[in-house]
Amino acid sequence: MKKLIIISLLAFLVTGCTVVRIATNNIDSMVDVVLSKNNTLYNTVGKGYKYYKPRGVTYIDTSEYNEKLYSNGNYYYLYIDINSYFYKKEFTYKENKDAYYSRYIDINEKKGYLEINEQDGYYLVEFMYNYAKIEALVKEEDINTTVLDASYILSTIKYNSNVIKLVLNEDYFTNKDTVYDLFTPKKVTTDFLEYNDDNYNESEEKK
């Protein structure tokens, strides 16, 4: 009976196309099912990339190749590393036995990791896959939803190599001093996350 219920959940379509609704009580299942799908949907386009933004996730802002998204009281921060994609940079990840959750990912010939660490009563979710990364600081009860949303976004990112090559050849980009490192878990929250989380709490209190 349990097997039938799980199969039914896996088979239920979110959009009537290729994205599926799955049981959200198991992080491993969420990651495996969503990332293994060859999703071709997209509804958001950036400079040299595009991806599918799940229902309930709202676009807020873009800063170069960093996007700020919002869903159900939580901010997601999406970072696109076009340098590492274009030059096919390799990385290694050692699973962290002290983390709330830690996993190295190698699915569909794309690599990454998912690491979740407790921090001051919240949980820092760091999900890197296919040269892109999503970070979010959420409550424990929101971890599964956050991982599910991040799985959909990261699994649907498609790059345009021709556009990226042009961007990398532009003088304004090559002269930038900013160095991106998506491959190393932060362990502590960035000021960007802390600042925006505080702003959200203040706005909710005013409401």
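Tabulated data
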| read-out | value |
| --- | --- |
| Nitroxide proxy distance, nm - points 7 Å out along Cα→Cβ at Lys139 and Val163 | 3.7 nm |
| Per-selection Kirkwood Rh - segment 80-121 (Cα, Å, 1 d.p.) | 12.1 Å |
| Amide N of segment 138-165 lying under 20 Å from the label point, which is placed 7 angstrom from the Cα of Tyr70 along Cα→Cβ | 138-139, 142-143, 145-147, 149-150, 153 |
| Contour minus Cα-Cα distance for Phe86 and Asp28 (0.36 nm per residue) | 18.0 nm |
| Calculated FRET value between Thr62 and Lys97, using beta carbons and R₀ = 30 Å, to 0.05 | 0.25 |
| Pair Glu109, Glu170: separation of 7 Å Cα→Cβ label points (nm) | 3.0 nm |
| Sequence-distant residues sharing a close amide H with Tyr75 (under 5 Å, placed H) | Leu137 |
| Overall form of segment 37-151 per C-alpha gyration tensor (a/c, 1.5; a/b vs b/c) | oblate |
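Read the figures in this text as sums done on the coordinates, not as results from a lab. Computed from a predicted structure; not experimentally measured. FYI the Cβ positions are ideal-geometry reconstructions off the backbone, even for glycines, and counts take in every protein chain you see.
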